[in-house]
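The values are calculated or read from the model by the stated rules, or taken from the named source; none is laboratory data. Fair warning: this is a prediction, and the values are worked out from it, not measured in the lab. Cβ placement follows ideal geometry from the backbone for every residue including glycine, while neighbour counts extend to all protein chains displayed. Only protein heavy atoms, including side chains, enter the accessible area calculation; ligands, DNA and RNA are left aside. Shrake-Rupley method; radii C 1.70, N 1.55, O 1.52, S 1.80 Å.
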Amino acid sequence: MSLFELRRRAQDEEILGSDAATRALSVTVVENDFVARTYENIAWFYDYTFGPVLHPGRIKAIERMGIKPGDRVLEVGVGSGINAALYPRDCSVTGIDLSDVMLEKARERIARKGVRNVQLLEMDAAEMKFPDNTFDVVYAPYVISVVPDPIAVVKEMRRVCTPGGRMVIVNHFRSQSRVGAWMERVFAPAALYLGFKSDLDLPAFLVQADLNPTSIEKVNFPRIWTLLMCAKDSRA
């Protein structure tokens, strides 16, 4: 689906009754402290539940990145480090996360698997401490629907990405079906306690984040997750 089609759908949509550039991305609001507590609570079972279900999307995303030897990769929301062993060993990976509990699990995983090209830092994705144009690939797996301000996170992703670099997002977005979208909005507050917003609005997100994806595809099964591939303008 092209961005033009998404924008057209956004204009015609009646669920929130406003245009994509101004309407709320979700009916739920979260703060960083809530997100950190949620992931502290689910850290012990995350790998056994969300791990297998979401794994095909992780593999597909890393394949789509086209990582080259020497590339610098930033993983935003590294969580328990479940992606660490999937990266080519000849690139350099930095993983950031807000949850120290999840980061500790990631450190244990990296040590257990002998991964040597991944470093981990505790950091707020909306206020990264990296200089501009630091990373060749900036990857946000299943994190955009968790953070308090998705648009701020994307702006930071763009800032730290090198001109001509790749920005990659895998996330669940609200169903395009009217019934499905209604159900996701109803259950959105409960879904937060499982670690995500179930009703994030894709057309509004793309418009407000000023993203023009080079590709949009569904991943995992059921195919309710979306893989967005974006390129940072080389003139930026």
| message | Starting from the 7 Å offset along Cα-to-Cβ, what nm value, one decimal, do you get for the label separation of K113 and A24? | response | 3.8
| task | Go ahead and run the numbers for FRET between E122 and S177, Cβ-Cβ distance against an R0 of 35 Å, rounding to 0.05. | result | 0.35
| said: How much length would be gained if the chain were fully extended between N212 and D149, taking 0.36 nm per residue of separation minus their Cα-Cα distance, in nm to one decimal? | reply: 20.8 nm
| message | At 1.4 Å probe size, with the rest of the protein present, what percent of the exposed accessible area of the stretch 108-155 is carbon and sulfur atoms? | response | 45
| message | With the cut-off at 24 Å, tell me which of the pairs K129/K232; K113/K232; K105/K129; K68/K232 have Cα atoms farther apart than that. | response | K113/K232
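On a full-extension model of 0.36 nm per residue, what is the gain between R223 and V53, subtracting their alpha-carbon distance, rounded to one decimal in nm?
The span from R223 to V53 would gain 60.1 nm if fully extended.
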| Under the classification rounded if a/c is under 1.5, otherwise prolate if a/b is larger than b/c and oblate if not, where does the stretch 41-136 fall, given a ≥ b ≥ c as square roots of the Cα gyration tensor eigenvalues? | oblate
| task | Please give the contour-minus-distance gain from T134 to K68: 0.36 nm per residue of separation, less the Cα-Cα distance, rounded to one decimal in nm. | result | 22.2 nm
